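Heads up: the structure comes next, in structure tokens.
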Amino acid sequence: MPKILASKWTKAAVFLVCLAPAGYLLALGGLEYRAQVQGIGQPGNLTGDPIKYITHFTGDWTLRFLLLTLAVTPLRKLLNQPQLARYRRMIGLYAFFYGCVHLMIWMGLDKEFAGAELWKDILERWYITVGMASLLGMLPLAVTSTAGWIRRMGFVKWQRLHRLVYGCAALGVIHYYLLVKSDIRLPLLYGAILAVLLSYRFAVRRRKAGAVAAR
Ligand code: HEM
């Protein structure tokens, strides 16, 4: 197992797997284009409301990748597989990538880059404000995700900054909770997963603090 996880081919495979949702969306878009423009095949590949479908699809994957990023360290420790750490940065950057696509779809396709309307929504619709805060929080994490930045900032400072990812995930869950109209089961499920990941983190910290105090 450690050998497979250390392989550059496994890393390339994980990269492609993370890209699969985007590929799936592009394939659906291609099929829709063929149906609508060339008259080949059936339309409706992106449902009756393509913009809504793409917005929801990319929002879902942003949150999933964010939670997956947070799950890497607990899994690494529980499964005793230190090599899993090699994948955390990539998965985190994918969360940011899907978040940016999600934002661009909303800004470009939904709002057609109408500046005044965008600002109105950001300032007046709580779920948009919270979603924006979540993505903005991810920005410094994406920028400082390289080894060069860890060296420049020092590991302790860098680690402290990167705890922000929990806040981003929490804001993502709140964003989802605020926007659903009736069925809150999925936002609650994501919230529960985040709560488990956070509890694990606190438990590890408490155990470490206890061990230091006992020395
Ligand atoms: C950057 C600012 C963001 C904006 C402007 C934005 C906007 C939106 C909009 C307009 C919707 C669809 C609402 C509806 O149909 O009623 C949506 C859905 C969603 N967004 Fe965002 N969002 C943002 C950031 C985020 C982030 C950072 C995450 C995740 C961490 C996220 C996760 C989701 C989820 C999970 C959904 C619902 C998906 C579903 O119903 O299947 N969004 N967002």
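Table for the structure above
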| item | result |
| --- | --- |
| Estimated [θ] at 222 nm from DSSP helical runs (n ≥ 4, -39500 (n - 2.57)) normalised by residues in the chain, nearest 500 | -26000 deg cm²/dmol |
| Counted charge near ALA169, where neighbours are those whose Cβ lies closer than 13 Å (Asp, Glu -1; Lys, Arg +1) | +3 |
| Stretchable slack from TYR33 to ILE150, in nm (0.36 nm times residue separation minus alpha-carbon distance) | 37.7 nm |
| Efficiency of FRET between LEU16 and LEU186 - r from beta-carbon atoms, R0 30 angstrom, step 0.05 | 0.70 |
| Chain lengthening between MET1 and TRP158 when straightened (0.36 nm per residue, less Cα-Cα) | 53.6 nm |
| 15 Å beta-carbon shell around TYR94, net charge (K/R +1, D/E -1) | +4 |
| Rough spin-label spacing in nm, given labels placed 7 Å along Cα→Cβ, for LEU139 and TYR166 | 2.4 nm |
| Net charge of neighbours whose Cβ lies under 15 Å from the Cβ of ALA12, counting Lys and Arg as +1 and Asp and Glu as -1 | +4 |
| Inter-label distance for ALA209 and GLN81, nm, one decimal - labels placed 7 Å from Cα along Cα-to-Cβ | 3.1 nm |
| Relative contact order [Cα under 8 Å, 6+ residues apart], region 2-208, whole percent | 18 percent |
| Between region 113-131 and region 58-74, the alpha-carbon center distance in angstrom | 24 Å |
| Lys pairs, the chain - Cα-Cα below 25 angstrom, 8 or more residues apart or on other chains | 13 |
| Residue-span extension gain [THR73 to LEU109] - 0.36 nm each, minus C-alpha spacing | 9.3 nm |
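Read-outs throughout are calculated quantities, based only on the coordinates presented, and are distinct from any laboratory measurement. This is a predicted model, so every value here is computed, not measured. Positions of Cβ are backbone-derived with ideal geometry, glycine not excepted, and every protein chain shown enters the neighbour counts.
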